[in-house]
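Below is one structure; the comments refer to it alone.
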Amino acid sequence: MSTAPTEPVRYETRGPVALITMDRPAYRNAQNSAMTYALDRAFYRAADDDGVRTVVLAGAGKHFSAGHDIGTPERDAHLPFDRAAGLWWDHSDKQGAESRYARESEVYLGMCRRWRELPKPVLACVQGACVAGGLMLAWICDLIIASEDAFFADPVVRMGIPGVEYFAHPWVMPPRIAKEFLYTGDRMSAARAHELGMINRVVPRDRLLDHTLELATEIAGQPRMGLALTKRAVNQAEDLQGLHTGLDSVFGLHHLAHAHNAETSRDALGGMDVRAMKEAGS
């Protein structure tokens, strides 16, 4: 086994499997920009390594990911980073919708789309919270393995915003369930998510990582080109069902909501911070 930890994301190999682990457990693996770009580097590393046949995405600690960083001491949304996923300009010296749209086109929609197209199978290993931005990371994976205590939620309608930026909801669950999921912001258990087909398997917490690695190793035994083409075929079918254009259209609505909030409340998040979201029940 080789290891090369990179904070706030760890990268290691377990035979033919690259294990990519988000490593901000004190903040429930909330995604700041530093983590997002570290994830991007890790996915590129896995793609470039001929010895890696499959990838597992995991989160350190009790939770997979509580979503976007909206309030930790390391929140860095205002800082510039070398852009990697698109051609929008630097957001850090812009204002208003221009700044937010440029940044989120890069770090949310652009990154997720690119990671979804990684031509090697990617398995999500989900425990505890998989909330809002955490859903985006799980949904770009080909398979989702969850522990019995895992739960899923997208409570951002409480901010007046129609779901997270990578709006795959009507493709990963039936539309009426997606509406209930968004309208209420309630948690969906791993058992319910499995029943709906949003996740592949539910396993005991103490078996989660081992089970996911075993499955990833089994898949790694298939021909590399066959796996890549099969992944591409299913992704193309989803896109023909409207996923790609749907993401574009709802991304615009997402930013309309931010702009509306900025005009009618104290900020683009509708005045909701981490404490307010917790008090509201997320």
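Restricting the trypsin sites (Lys or Arg not before Pro) of segment 45-116 to loop positions (DSSP other than H, G, I, E, B) with no more than 13 neighbouring Cβ atoms within 10 Å leaves Lys62.
Helix 33-48 and the longest principal axis of the C-alpha atoms of the chain enclose an angle of approximately 30°. Along the axis of the charge dipole computed for segment 47-127 (Cβ charges of +1 for Lys and Arg, -1 for Asp and Glu, origin at the Cα centre), the listed residues Leu79, Ser92, Val126 are led at the positive end by Val126. Once the mean of 1/r is taken over each pair of separate Cα atoms and inverted, the chain shows a Kirkwood hydrodynamic radius of 19.0 Å.
Using only Cα atoms and rounding to the nearest 10 degrees, what angle (0 to 90) does helix 243-264 make with the longest principal axis of the chain? Its long axis makes an angle of about 30 degrees.
For the chain, the longest principal axis of the alpha carbon atoms and the long axis of helix 224-240 meet at an angle near 30°. Note on exposure: Ile219, Ile199 ranked by accessible area (1.4 Å probe, complete protein assembly) read Ile219, Ile199, with the most exposed listed first. Expressed per residue, the C-alpha convex hull volume of segment 137-229 stands at 107 Å³.
Averaging 1/r over each pair of different alpha-carbon atoms in segment 162-282 and inverting the result gives 17.7 Å, the Kirkwood hydrodynamic radius. Nearest 5 is fine: what % of DSSP beta bridges in the chain come out antiparallel, could you say? Rounded to the nearest five, the antiparallel share is 35 percent. Note on segment 54-79 and segment 206-247: Cα centroid distance 23 Å, given to the nearest whole angstrom.
Distant-in-sequence amide contacts of Ile144, defined by a placed amide H-H separation under 5 Å and a gap of 5 or more residues or a different chain, comprise Ala124, Asn200, Arg201. Percent of C-alpha pairs per 10 Å bin in segment 100-152, short distances first: 24, 47, 25, 3. For Ala257, neighbours were defined as the other residues whose beta-carbon sits under 14 Å from its Cβ, and their charges (Lys and Arg +1, Asp and Glu -1) total -3.
The values are calculated or read from the model by the stated rules, or taken from the named source; none is laboratory data. Quantities reported herein were computed from a predicted structural model and do not represent experimental measurements. Cβ coordinates were reconstructed from backbone atoms using ideal geometry, including for glycine residues, and neighbour counts include every protein chain displayed. Only protein heavy atoms, including side chains, enter the accessible area calculation; ligands, DNA and RNA are left aside. Shrake-Rupley method; radii C 1.70, N 1.55, O 1.52, S 1.80 Å.
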